[in-house]
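Asks: Below you will find the structure I want to go over with you.
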Amino acid sequence: MEPLAIFGLQLFLSLVVYTLIAKWHIAPWLASKPIRDALPPLLFPHAIRHLGLTFFVPGVVAEPLPTYFSYSVGFGDLISGLLAIVSLVALRRGWGMALPMVWVFNVVGTADLLNALHNPASVPLLGATWFIPTFWVPVLLVTHGMIFAQLVKKARRPSSLPDKTVVATG
């Protein structure tokens with residue numbers, strides 16, 4: 001099998017498995033939670049997106065990755081991870097801008113992943129970083145979808161129904 005075919009198959013199968021986990025186990029649990037409690041478990045995987053900086057490390061990638069790929073993906077992941085952390089803090093502290101911050105994170109983070117997946121020419125050069133797009137990116141794609149679903153569900157709720165969340169500080 002060609003490396004690009006193996007890559008595509010691994011990416012697809014990981015996406016299927018994580019979607020099933022999300023649909024059968026995580027989504028039913030989240031359905032009973034207010035949005036400010038449902039979002040943090042979905043944001044935490046994104047808080048470690050600094051893993052994308054690995055694309056800059058010589059010896060981990062098979063060859064130096066094209067600059068357009070490593071810079072857009074590495075820094076895109078870093079920015080997405082930092083936005084996820086800020087979103088987590090905003091939710092935890094009950095800041096009024098918490099949900100808009102999650103929207104910003106989710107749009108930026110999703111665009112970053114789609115951009116990264118749009119560069120198949122870099123696949124043969126990934127080396128040990130192969131696990132990031134074939135194992136970790138599917139987790140991120142599924143949780144991005146779940147975050148969008150939570151945000152849209154919240155937006156459709158009548159404003160007369162306040163979110164009954166007790167926010168802990170600290």
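The values are calculated or read from the model by the stated rules, or taken from the named source; none is laboratory data. This one's a predicted model, so the numbers in the text were calculated from it and none came from an experiment. Backbone-built Cβ (ideal geometry, glycine too); neighbour counts: all protein chains shown.
Asks: Mind checking which residues of the range 88-146 are on the phi > 0 side of the Ramachandran plot, surrounded by fewer than 15 Cβ atoms within 10 Å (Cβ to Cβ) and either in contact with a strand residue (DSSP E or B) (Cβ under 9 Å, 6 or more places away or on another chain) or part of a helix (DSSP H, G or I) (or both)?
Replies: Passing the criteria: none in range.
Asks: Out of the residues in the range 1-45 that are touching a helix residue (DSSP H, G or I) at 6+ places or on another chain (Cβ under 6 Å) and polar (S, T, N, Q), which is farthest from residue 121 (Cα to Cα)?
Replies: That would be 19.
Asks: Please work out if residue 69 is among the aromatic types (Phe, Trp, Tyr) and modelled with pLDDT of 95 or more.
Replies: In short, no.
Asks: Ok, one more. How many residues does the range 1-25 hold that are β-branched (Val, Ile, Thr) and within 12 Å of residue 134 (Cβ to Cβ)?
Replies: 2
Asks: Are any of the residues in the range 70-77 surrounded by 15 or more Cβ atoms within 10 Å (Cβ to Cβ), free of Cβ contacts under 8 Å to residues at least 60 places away in the same chain, touching a Lys or Arg at 6+ places or on another chain (Cβ under 7 Å) and within 17 Å of residue 112 (Cβ to Cβ)?
Replies: Yes: the range 70-77 contains one or more residues that are surrounded by 15 or more Cβ atoms within 10 Å (Cβ to Cβ), free of Cβ contacts under 8 Å to residues at least 60 places away in the same chain, touching a Lys or Arg at 6+ places or on another chain (Cβ under 7 Å) and within 17 Å of residue 112 (Cβ to Cβ).
Asks: Is it the case that some residue within the range 39-52 is of a type in the set (A, V, I, L, M) and in contact with a His (Cβ under 9 Å, 6 or more places away or on another chain)?
Replies: yes
Asks: Does the range 75-92 contain at least one residue that is farther than 17 Å from residue 139 by Cα, at pLDDT 95 or above and of a type in the set (Gly, Ala, Ser)?
Replies: Yes, there is a match, as at least one residue in the range 75-92 is farther than 17 Å from residue 139 by Cα, at pLDDT 95 or above and of a type in the set (Gly, Ala, Ser).
Asks: Sticking with this structure for a sec: Go through 69, 44 for me and flag whichever is more than 11 Å from the chain's Cα centre (by Cα) and under 20 Å from residue 135 (Cα atoms).
Replies: Only one candidate passes the filter, namely 69.
Asks: Continuing with the same structure: What is the one condition in (1) basic (Lys, Arg); (2) without any contact (Cβ under 8 Å) to a residue 40 or more places away in the chain; (3) surrounded by 14 or more Cβ atoms within 10 Å (Cβ to Cβ) that residue 36 does not satisfy?
Replies: Exception for residue 36: condition (2).
Asks: Out of the residues in the range 47-67 meeting the condition of being within 16 Å of residue 115 (Cα to Cα) and in contact (Cβ under 8 Å) with a residue 24 or more places away in the chain, tell me which one is surrounded by the most Cβ atoms within 10 Å (Cβ to Cβ).
Replies: Top of the filtered list is 52.
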